[in-house]
Amino acid sequence: MSHDTPRMPVVFFGHGSPMNALEMNPHTAAWAQFGNRVPRPRGIVCVSAHWYIRGTAVTAMSDPKTIHDFGGFPQALFEVQYPAPGDPALAARVKDLLAPTAVIEDRSGWGLDHGTWSVLKHVYPEADIPVVQLAIDGTKSLGYHYELAKRLAPLRDEGVLVAGSGNVVHNLRAVAWEADAAPHPWATRFNEAVRARLLAHDHASLVDMDALGADGAMSIPTPEHYLPLLYVIALQRPDDRLEFLTDGIELRSIGMMSVSIREARAGDAARTEAARNRHHR
């Protein structure tokens with residue numbers, strides 16, 4: 001790492017509804033604050049729940065399209081564009097780092113899906129930082145993805161922000177569309193269990209589907225929204241500081257936890273203890 005390139009943080013965004021792209025709320029405000037206070041990256045590698053395929057691929061086009069991969073939302077959402085450039089050289093770097101895993105360089109098929117742009121629209125509203133998406137291989141286990149992600153570690157020292165975008169709790173069949181609907185008890189319990197394990201740096205139980213229990217089976221009936229979190233924690237170093245940017249359960253069964261991991265700085269230990277105390281009151 002050169003002296004003038006700070007080690008980049010890694011971040012997981014609980015992206016929630018695509019409508020967050022258009023809204024100003026506590027979650028989108030927290031995403032914007034994150035973008036304002038971290039070192040400006042030279043590029044972004046995003047692992048989105050919504051590029052879940054057979055195999056591993058990376059977007060390698062110069063001008064990725066904005067993909068509106070949803071239905072039933074207002075026309076204004078379909079009109080949103082996020083014209084960030086791509087970065088074929090960064091895509092090639094990702095491919096090299098993930099070797100010997102075979103990585104397809106996608107030059108036309110995909111682009112930026114809403115898991116990526118609905119968040120980045122708030123984090124980097126100017127859309128002037130190159131973005132590359134990394135697909136999730138839906139045929140592989142949680143542990144496979146955690147180990148694969150470790151190979152991306154050098155990117156943190158190369159000015160690249162690695163981001164995951166999904167939801168810790170994501171059960172669309174259990175959603176209630178009333179804005180003030182109380183969370184399902186299993187959703188709250190699972191969200192709290194994940195939070196506690198993150199604070200304890202207990203990656204082993206976060207990667208073990210059996211350890212997630214019945215609450216996990218209800219909270220992540222399919223793994224694609226949970227897996228981006230594993231790509232982020234896989235890059236956590238022993239002396240890193242973990243910070244929750246925002247949290248909560250919306251629509252009864254959609255978790256909004258967002259968490260960043262960065263180099264520790266002076267005073268972090270005291271702030272972490274104060275945060276723990278507030279959480280357990």
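The values are calculated or read from the model by the stated rules, or taken from the named source; none is laboratory data. Computed from a predicted structure; not experimentally measured. Please note: Cβ atoms are built from the backbone with ideal geometry, for glycine as well, and neighbour counts cover all protein chains shown.
Tabulated values for the structure
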| quantity | calculated |
| --- | --- |
| Filter result for the condition that a residue is touching a strand residue (DSSP E or B) at 6+ places or on another chain (Cβ under 6 Å) and either farther than 18 Å from Asn20 by Cβ or of a type in the set (Gly, Ala, Ser) (or both), over Ala187, Ala182 | Ala187 |
| Helices (runs of 4 or more DSSP H) within region 180-266 that include 3 or more residues basic (Lys, Arg) | 185-199 |
| Val38 under 14 Å from the mean Cα position of the chain (by Cα) and closer than 12 Å to Leu161 by Cα | no |
| Selection within region 18-34 - surrounded by fewer than 20 Cβ atoms within 10 Å (Cβ to Cβ), of a type outside the set (D, E, K, R) and out of contact with any strand residue (DSSP E or B) (no Cβ under 7 Å at 6 or more places or on another chain) | Met19, Leu22, Met24, Asn25, Ala29, Ala32, Gln33 |
| Some residue of region 139-158 being buried (at least 22 other Cβ atoms within 10 Å of the Cβ), of a type in the set (Asp, Glu) and either over 13 Å from the mean Cα position of the chain (by Cα) or more than 15 Å from Pro41 (Cβ to Cβ) (or both) | no |
| Any pair with Cβ under 6 angstrom, 6 or more apart, that starts in region 78-106 at a residue that is within 14 Å of Val45 (Cβ to Cβ) and ends at one that is assigned to a loop (DSSP other than H, G, I, E, B) and charged (D, E, K, R) | Leu97/Arg151; Leu98/Arg151 |
| Residues being surrounded by 20 or more Cβ atoms within 10 Å (Cβ to Cβ) and in a loop (DSSP other than H, G, I, E, B) - total across region 35-52 | 4 |
| Which listed residue is under 15 Å from the mean Cα position of the chain (by Cα) and in contact (Cβ under 8 Å) with a residue 40 or more places away in the chain, from Val175, Val169, Val207 | Val169 |
| Pairs where the first residue, in region 1-23, is over 15 Å from Val232 (Cα atoms) and the second is buried (at least 20 other Cβ atoms within 10 Å of the Cβ) and at pLDDT below 95, C-beta under 7 Å, 6+ apart | Gly16/Glu250 |
